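Just below is one structure, and these are the notes that go with it.
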């Protein structure tokens, strides 16, 4: 058996007593915990911790400076550590710097107070450490940056000329050395390429240069969070009293060559050490896209003495850690012949040897919190003596070291952070969260769009069967919409755009918004069922165009919104509440025009608009109670009582028996039909007619056997049955129901049996007449019908001619075709309703240009539309509308025009007969027939 002599064993640098314990200790210290940076607990039966140790672990956080002490005992030890760190597994995980100070450092320091030579020695050692850590062969992808420390070293080497202001010179040098100057250079390069060929780039590039300069000036103040970056740290660190300087540039001047020598060498050296450690701290912070580093950098200082700056560096690290209280991820291992200065032995921290390395660390860790609070000058020292020991101890240590292998081996679990703290989890979890949030928001947004008719407008609502709400024309509230409706919407959208542009160009003119609120959902499911509503909007478009071409200062500029109150105006109240909220946000909204059907839902809608303070001018509504009960409500059509009186007077001039059947809708919510029934019964009885009222089930109701309703009147079934009920009846019949869809069924029923009754339709029959397809399906039955606007069936003159010329030829050429032509007069009535609002606004501003245009002010001026004096001194006069004269009589309680025209028209062979069958009322170019009743 071959034996090894003690001399051969001594040649191994780790052949000393406890070498294996020391190797294990260093291997354990450079391994970073899988979570956080709390100190490792090395359990030992020989150490008893005082109560509360677990609660004080944060105060014990930190890496010691392992000082290996012994005369000639440390020769080659750190080189062996370097070799082991260089081949540690897994690869690429350990950063280390080995500095043999006896060969690298100058012997210029001393063991007294710090001097300029001390500062230079510290700077050189740390610079070499920086270089070694950055190019460490095992630090692949380390990503360490030493921006703070490098900036301090560069400033200390900078010599500023005496001729120029130092702050300006240094500011220029800092700018030339920063990232912003590279960005500025890129801008200049782009400018050289683009500006000579394209002058339009000159100004954007100039703006970018100015922004670059301004950004740098803000950053270099050191006082702007995030933007100031590394400059901000210098004004917040505790060394050299940065508060004396006020800004980073002034502070940096104090660090230049010739200036830092006037500062305290001790604190200049502390600044160097703290900047170096702060760079390491920042490199070990958790970063989103960087994997967690599982080993700490190791600084190996070989042959530390008081002359080469090694001892000074250890002292400075100790002082900086005590002063800042921050954890820095640097494990320092040094060798020296004598213990570090001021390392006082005590009962709590006796002298330890390598054989007791584990107990030495536990004792140091146990004492650390107390020493840190006391700012002890040796708080961070962990001195360990290297005792050669006996030949037997050396041989045993060498065998144990050999059993450890040639490398430090980290178990797979130790070399990786926990799965929930890995880089992919840091990236993946936020991405998953973002994806989930985006999905939820996407679903909610899609739900929002679905519940708002496929749009992002909060003013549109899908009820499940129809879309109700408010639109500016970009969305078709008409349901369904055909090509003619889309053309009308396109015109409104374009004119709204022109109105906004005109308002910007002439802000002195009033700018108002009118809302056309009607039942834009077709009752028969086709676009033809919305002909009346489409023509109503056409009339408002003509009024809007009139204002776009006006020039007077008092003439308002008009924007138009469309609102769908739903089928039968059943969603009118909800839409009115939306308008109330919209008016709070948009003060240009002054009122509502249009409205559909004199029914209970319409009455509730008008009441809701009144609660919102919005005046209403209805175009076709005629029920008596509307104008009598709502102070904010006005109308341009006559009331039912006048319509009934005209019908009775007209029937009295026709031949035939003096008997009448009035057919009305058996619907309590349809106040129009029941109110007109009552007015017709009274008016015809006053003319000597025998009157019988019969009810029918509206809107396609099921045929029922004849019965009596609760009023004691005959219920004949649905509208078709009501038409058949006229068979073999030779008297007069007045239809007091809805034109769409009931009159079509009524006419078909009457035509089936060849009814010979004289049929007169109410004004709502004009809706049926407006639908050419429906009207021409019944060519066998002739009938009269009443209309509130008769000009389409005559040769328009004067204002009416101008109106229809603009309507048919300028805006909507399709109205000139047989398909587009309508004789219901809804366009004229809607034009007049809009004209009332426009005229009231103009009257308001004619008094004073400073009066604000509000809904209340416009409502007040509507009552002033009348002629009280025949001379020209009266400013607010009546309106000569397309559908007749609009004069509210000067009575604040009167909301219906005086003597508003009612015309009688006739349909034969499915076509409207040109020319009026009767005319009653005041209108330019027309004279009332002799038989007309007085205005009631």
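Checking residue 103 against (1) farther than 24 Å from residue 318 by Cα; (2) modelled with pLDDT of 70 or more; (3) within 54 Å of the chain's Cα centre (by Cα); (4) loosely packed, with under 15 Cβ neighbours inside 10 Å, only one condition comes out false. Which one?
Checking residue 103 against (1) farther than 24 Å from residue 318 by Cα; (2) modelled with pLDDT of 70 or more; (3) within 54 Å of the chain's Cα centre (by Cα); (4) loosely packed, with under 15 Cβ neighbours inside 10 Å, the one that fails is (3).
Could you list, in sequence order, all residues of the range 601-624 that are under 26 Å from residue 699 (Cα atoms) and either at pLDDT below 90 or not in a helix (DSSP H, G or I) (or both)?
618, 619, 620, 621, 622, 623
Among (1) in the same structural domain as residue 310 (by TED's automatic domain parsing); (2) modelled with pLDDT of 95 or more, there is one condition residue 295 misses while meeting the rest; what is its number?
Looking at each condition in turn, residue 295 falls short on (2).
Which members of the range 6-26 meet the condition of being within 13 Å of residue 396 (Cβ to Cβ) and either modelled with pLDDT of 75 or more or buried (at least 21 other Cβ atoms within 10 Å of the Cβ) (or both)?
Result: 14, 15, 16, 17, 18, 19, 20, 21.
I'm trying to understand the selection: among the residues of the range 628-662, which are in contact with a strand residue (DSSP E or B) (Cβ under 8 Å, 6 or more places away or on another chain) and part of a helix (DSSP H, G or I)?
642, 643, 646, 647, 649, 650, 651
Within the range 888-911, identify whether any single residue is in contact with a strand residue (DSSP E or B) (Cβ under 7 Å, 6 or more places away or on another chain) and over 22 Å from residue 644 (Cβ atoms), and answer yes or no.
no
Among the residues of the range 591-600 satisfying the criterion of being in a loop (DSSP other than H, G, I, E, B) and over 22 Å from residue 888 (Cβ atoms), which is modelled with the highest pLDDT?
Of everything passing the filter in the range 591-600, 599 is modelled with the highest pLDDT.
From 344, 351, 411, which residue is surrounded by fewer than 19 Cβ atoms within 10 Å (Cβ to Cβ) and modelled with pLDDT of 75 or more?
351
Looking at residue 733, is it surrounded by fewer than 24 Cβ atoms within 10 Å (Cβ to Cβ) and either at negative phi or assigned to a loop (DSSP other than H, G, I, E, B) (or both)?
Judged against the criteria, residue 733 is not a match.
Give me a count of the residues in the range 373-397 that are surrounded by 18 or more Cβ atoms within 10 Å (Cβ to Cβ) and either assigned to a helix (DSSP H, G or I) or in contact with a strand residue (DSSP E or B) (Cβ under 9 Å, 6 or more places away or on another chain) (or both).
Qualifying residue count, the range 373-397: 10.
Can you tell which of 844, 786, 734 is under 44 Å from the mean Cα position of the chain (by Cα) and modelled with pLDDT of 85 or more?
844
Do we find a residue being in contact with a strand residue (DSSP E or B) (Cβ under 7 Å, 6 or more places away or on another chain), in a loop (DSSP other than H, G, I, E, B) and modelled with pLDDT of 90 or more anywhere in the range 718-728?
yes
Does the range 751-774 hold any residues that are touching a strand residue (DSSP E or B) at 6+ places or on another chain (Cβ under 7 Å) and assigned to a helix (DSSP H, G or I), and which are they?
Once the filter is applied, which keeps residues that are touching a strand residue (DSSP E or B) at 6+ places or on another chain (Cβ under 7 Å) and assigned to a helix (DSSP H, G or I), the range 751-774 yields 765, 766, 769.
Among the numbered criteria (1) closer than 26 Å to residue 318 by Cβ; (2) out of contact with any helix residue (DSSP H, G or I) (no Cβ under 7 Å at 6 or more places or on another chain), which one does residue 163 miss?
(1)
Before we move on, is residue 243 within 27 Å of residue 328 (Cβ to Cβ), modelled with pLDDT of 70 or more, surrounded by fewer than 16 Cβ atoms within 10 Å (Cβ to Cβ) and not assigned by TED's automatic domain parsing to the domain that holds residue 328?
yes
So which residues in the range 915-927 are touching a residue at least 12 places away in the same chain (Cβ under 8 Å) and either over 58 Å from the mean Cα position of the chain (by Cα) or within 15 Å of residue 760 (Cβ to Cβ) (or both)?
If we filter the range 915-927 for residues that are touching a residue at least 12 places away in the same chain (Cβ under 8 Å), which is where we start, we get 915-926.
Residues satisfying the conditions are 915, 916, 917, 918, 919, 920, 926.
Looking at residue 866 and the list (1) touching a helix residue (DSSP H, G or I) at 6+ places or on another chain (Cβ under 9 Å); (2) closer than 17 Å to residue 637 by Cα; (3) at pLDDT 80 or above, which single condition is not satisfied?
Of the numbered conditions (1) touching a helix residue (DSSP H, G or I) at 6+ places or on another chain (Cβ under 9 Å); (2) closer than 17 Å to residue 637 by Cα; (3) at pLDDT 80 or above, the odd one out for residue 866 is (1).
Condition check: part of a loop (DSSP other than H, G, I, E, B), surrounded by fewer than 19 Cβ atoms within 10 Å (Cβ to Cβ) and either free of Cβ contacts under 8 Å to residues at least 24 places away in the same chain or touching a helix residue (DSSP H, G or I) at 6+ places or on another chain (Cβ under 9 Å) (or both). Does residue 474 satisfy that?
So residue 474 fits the description; yes.
Check whether at least one residue in the range 582-590 is part of a helix (DSSP H, G or I) and either over 31 Å from the mean Cα position of the chain (by Cα) or without any contact (Cβ under 8 Å) to a residue 60 or more places away in the chain (or both), and report yes or no.
Among the residues of the range 582-590, at least one is part of a helix (DSSP H, G or I) and either over 31 Å from the mean Cα position of the chain (by Cα) or without any contact (Cβ under 8 Å) to a residue 60 or more places away in the chain (or both), which makes the answer yes.
Taking the criterion of being surrounded by 15 or more Cβ atoms within 10 Å (Cβ to Cβ), in contact with a strand residue (DSSP E or B) (Cβ under 7 Å, 6 or more places away or on another chain) and part of a loop (DSSP other than H, G, I, E, B), would at least one residue in the range 523-533 satisfy it?
No.
Six or more apart or on different chains, Cβ under 9 Å: which pairs go from a residue in the range 164-177 that's more than 12 Å from residue 154 (Cβ to Cβ) to one that's buried (at least 18 other Cβ atoms within 10 Å of the Cβ) and at pLDDT below 80? Could you list them?
Short answer, once both residue conditions are applied: 171/216; 171/220; 175/184; 175/216; 175/220.
For the range 775-793, enumerate the residues that are more than 18 Å from residue 722 (Cα to Cα) and not in a helix (DSSP H, G or I).
Correct list: 777, 779, 786, 787, 788, 789, 790.
If you check residue 574 against the conditions, is it surrounded by fewer than 24 Cβ atoms within 10 Å (Cβ to Cβ), in contact (Cβ under 8 Å) with a residue 60 or more places away in the chain, part of a helix (DSSP H, G or I) and under 33 Å from the mean Cα position of the chain (by Cα)?
Details: surrounded by fewer than 24 Cβ atoms within 10 Å (Cβ to Cβ): yes; in contact (Cβ under 8 Å) with a residue 60 or more places away in the chain: yes; part of a helix (DSSP H, G or I): yes; under 33 Å from the mean Cα position of the chain (by Cα): yes.
Judged against the criteria, residue 574 is a match.
Which is in contact (Cβ under 8 Å) with a residue 40 or more places away in the chain, over 29 Å from residue 724 (Cα atoms) and crowded, with 22+ Cβ neighbours inside 10 Å, of 613, 594, 625?
It is 594.
The values are calculated or read from the model by the stated rules, or taken from the named source; none is laboratory data. It should be emphasised that the depicted structure is a prediction, and the values quoted were computed from it without experimental measurement. Cβ sites come from the backbone with ideal geometry, for glycine too, and all protein chains shown count toward neighbours.
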